[in-house]
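Down below is the structure, laid out as structure tokens.
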Amino acid sequence: MCGIVGTIGNVETTEILMKGLTRLEYRGYDSAGIYVNDQAGQDHLIKTVGKIAALQAAVGPQVQGKLGIAHTRWATHGQPSVANAHPQFSPSKRFYLVHNGVISNFSELKATYLAEQTFASQTDTEVIVQLIAQFVEQEQLTTLAAFQKTLSLLAGSYALLMIDRQQPDVLYVAKNKSPLLIGLADGYNVVTSDALATYDLTDDYLELHDGELALVRENDVTILDQKGETQGREPIEIKVEADAVGKGTYPTFMLKEIDEQPAVMRRISQHYLSAAGKIAIDTDLVERLAQADRLYFVAAGTSYHASLVGKRLFERYAEIPAEAGVASEFGYHWPLLSAKPFFIFLSQSGETADSRQVLVEAKRRGLPTLVITNVANSTLAREADHHLLLHAGPEIAVASTKAYTAQIAVEAVLAKAVGARRQIAAAQELDLAGQLAMAATAMDEITDNHETWDQLAAQYLGSATDAFYLGRGIDYDVSLEAALKLKEISYVHTEGFAAGELKHGTIALIEPGVPVITFITEVATADHTRGNVQEVKARGGNVLVIASTTCQQLGDQIVIPALTAELMPLVTVVCGQLLAYYATLQRGLDVDQPRNLAKSVTVE
Ligand code: M6R
């Protein structure tokens with residue numbers, strides 16, 4: 001979703017901003033812009049639609065200065081266009097502003113304060129900069145007072161950077177709900193929505209809390225709360241490994257991340273499981289979970305699909321009832337809770353606004369919370385009572401792959417720890433290190449054969465406009481994730497559903513040639529699923545069966561090693577990921593940055 005970079009005090013401002021925007025490309029965007037002020041009255045505003053390369057081409061050598069802000073925009077209010085791209089500016093061209101988030105009361109603010117004004121864009125953001133300008137230019141407030149007054153009127157989410165041309169020695173910064181970090185560099189400062197943008201400039205960051213603002217100068221940062229009182233803040237360290245954010249020899253991030261999954265399994269095993277079978281997880285967390293009478297998993301997208309598996313893992317190995325909810329639904333439709341609930345949030349990015357709003361409400365109700373995330377110091381990691389890291393390394397491709405398998409592996413570790421604490425036999429008997437090692441080996445075998453998947457994708461999905469993924473039980477869970485992978489990057493209309501539901505309606509869509517990819521790893525239901533396969537074949541469906549060794553039959557196209565039932569998605573999903581990957585490449589589409597999508601969905 002939108003990305004922000006700003007800097008003050010370095011002569012290489014343009015380079016810092018453009019490099020930062022390039023690193024934020026992975027988040028998804030449709031237009032971009034940069035404003036640079038040379039602190040001597042010269043300034044430059046450049047905005048383009050499309051890729052950063054277009055902005056880079058438009059930024060000439062004359063764009064220099066020691067103060068600047070830049071933005072990648074993912075359209076919410078108003079189509080992708082130069083006028084709607086950020087920075088937005090006041091009619092007087094004195095104030096320039098970039099914004100991540102959504103101002104939910106922008107129409108009311110416009111009607112109340114800016115009815116006489118003309119607007120150059122359709123954005124909610126322009127309302128903010130026009131308000132600031134109005135309070136300065138008509139009510140004679142200082143810029144700081146106008147900034148504070150404007151913030152006090154805003155409802156919704158925002159990370160803001162604002163420049164007043166008449167005060168080129170200060171960058172105005174504010175945050176509410178949307179992520180924002182102030183990086184302390186050597187002799188200058190940077191501000192960003194994502195530490196990936198500035199990882200080579202500093203490891204030391206100041207966090208802003210919701211509702212706070214900051215005045216960032218070349219060598220100084222002042223943080224003010226909503227009452228205008230100065231707040232002390234110690235820097236936190238955020239380290240991003242340089243080689244982990246590159247593609248290396250891979251053509252795309254997605255393929256690199258798919259292939260990294262065996263290593264991620266081994267890393268999780270090393271991190272959380274000792275050779276002696278001890279589990280390295282905070283005992284307080286394990287104890288609190290063991291006392292819970294019901295677990296509530298909350299997540300979005302792929303993380304939600306991993307939470308479906310988490311529910312099964314906890315019910316089997318810890319014998320604690322569990323529910324999995326889609327965050328955007330859960331937040332506004334809370335179920336009746338059990339007497340001793342425990343909330344588990346799954347989020348690769350740790351920034352998903354839908355999940356965060358449930359976390360905020362859970363905390364308000366005083367409920368215990370855990371976040372399982374890939375990003376240390378992310379908003380959810382900071383705000384939950386407990387957090388566990390995925391140790392998957394940065395995931396850059398918009399389509400989540402290694403985070404899903406890492407989430408399942410960490411859920412399994414936790415379920416085993418809690419089950420062992422509750423003296424559940426299934427947990428005590430589970431050789432998780434062995435299972436994760438087997439999963440890694442099976443993943444290796446699958447990812448070693450890119451050509452096979454390229455061919456299968458051509459054979460089954462080559463000219464498809466619709467596709468279906470079928471499975472029962474744990475295979476149903478993975479069919480949802482495999483379907484999401486295919487639809488989000490190839491734009492093929494895809495559904496994943498419970499095989500038994502087929503004849504209750506969806507079978508009407510099966511006609512000659514329609515691809516139906518079927519997962520069969522659950523022994524108890526394998527025969528029933530085979531029956532569904534026959535029903536599809538009888539109507540001409542083009543069936544590809546991916547079966548485990550425990551369920552295999554002659555004619556199955558792919559056979560994979562069997563793990564304990566709940567861990568089968570670690571392997572089956574890799575097949576789905578590679579099918580989606582090659583079907584997308586064959587269509588000549590951008591695998592890493594699919595249309596309309598953002599990596600980190602920071603608005604509700
Ligand atoms: O960062 P999160 O795991 O909270 O993100 C949740 C979803 O936005 C994310 O999984 C999304 O569905 C991906 N594009 C799936 O590949």
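The table for this structure:
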{"read-out": "Three-way shape label, the chain, alpha-carbon gyration tensor, a/c 1.5", "value": "prolate"}
{"read-out": "Viscosity 1.567 mPa s, 4 °C: Kirkwood-radius Stokes-Einstein D of the range 137-287 over Cα pairs, µm²/s", "value": "69"}
{"read-out": "Asp590-His528 FRET efficiency (beta carbon distance; Förster radius 35 Å; 0.05 resolution)", "value": "0.35"}
{"read-out": "Estimated FRET transfer efficiency when R0 is 45 angstrom, pair Asp220-Val326 (beta carbons, to 0.05)", "value": "0.55"}
{"read-out": "Potential extension, Lys503-Glu137 segment - 0.36 nm per residue separation minus Cα distance", "value": "125.0 nm"}
{"read-out": "Nearest-20 debye value, the range 128-205 charge dipole, Cβ charges on Lys, Arg, Asp, Glu", "value": "400"}
{"read-out": "Cβ crowding within 10 Å averaged over residues, with 540-552, 522-534, 476-488 ranked highest first", "value": "476-488, 540-552, 522-534"}
{"read-out": "Cα centroid separation - the range 178-222 against the range 238-280, whole Å", "value": "28"}
{"read-out": "Derived scalar couplings ³J(HN,Hα) [the range 250-255; Karplus, 6.51 cos²θ - 1.76 cosθ + 1.60; whole Hz; x for Gly, Pro]", "value": "7, x, 9, 5, 4, 5"}
{"read-out": "Share antiparallel - DSSP beta bridges, the chain, percent rounded to 5", "value": "60"}
{"read-out": "Listed peptides 365-374, 325-334 by packing density, highest first (mean Cβ within 10 Å)", "value": "365-374, 325-334"}
{"read-out": "Helix axis angle, 432-447 relative to the chain longest principal axis, alpha carbon, degrees", "value": "80"}
{"read-out": "Percentage relative contact order, the chain, counting C-alpha pairs under 8 Å, at least six apart", "value": "12"}
{"read-out": "Total lysine pairs whose alpha carbons fall under 24 Å of each other in the range 216-332 (8 or more apart, or interchain)", "value": "4"}
{"read-out": "Dipole moment magnitude, nearest 20 debye, the chain about Cα centre, only Lys, Arg, Asp, Glu C-beta charged", "value": "640"}
{"read-out": "Rounded FRET efficiency, nearest 0.05, which uses the C-beta distance separating Tyr250 from Asn105 and R0 of 41 Å", "value": "0.35"}
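Bear in mind that the values in this text are calculations on the coordinates, not laboratory data. In this text, all values refer to a predicted model and were calculated from it rather than measured experimentally. Here the Cβ is made from the backbone with ideal geometry for all residues, glycine too, and neighbour counts use every protein chain on show.
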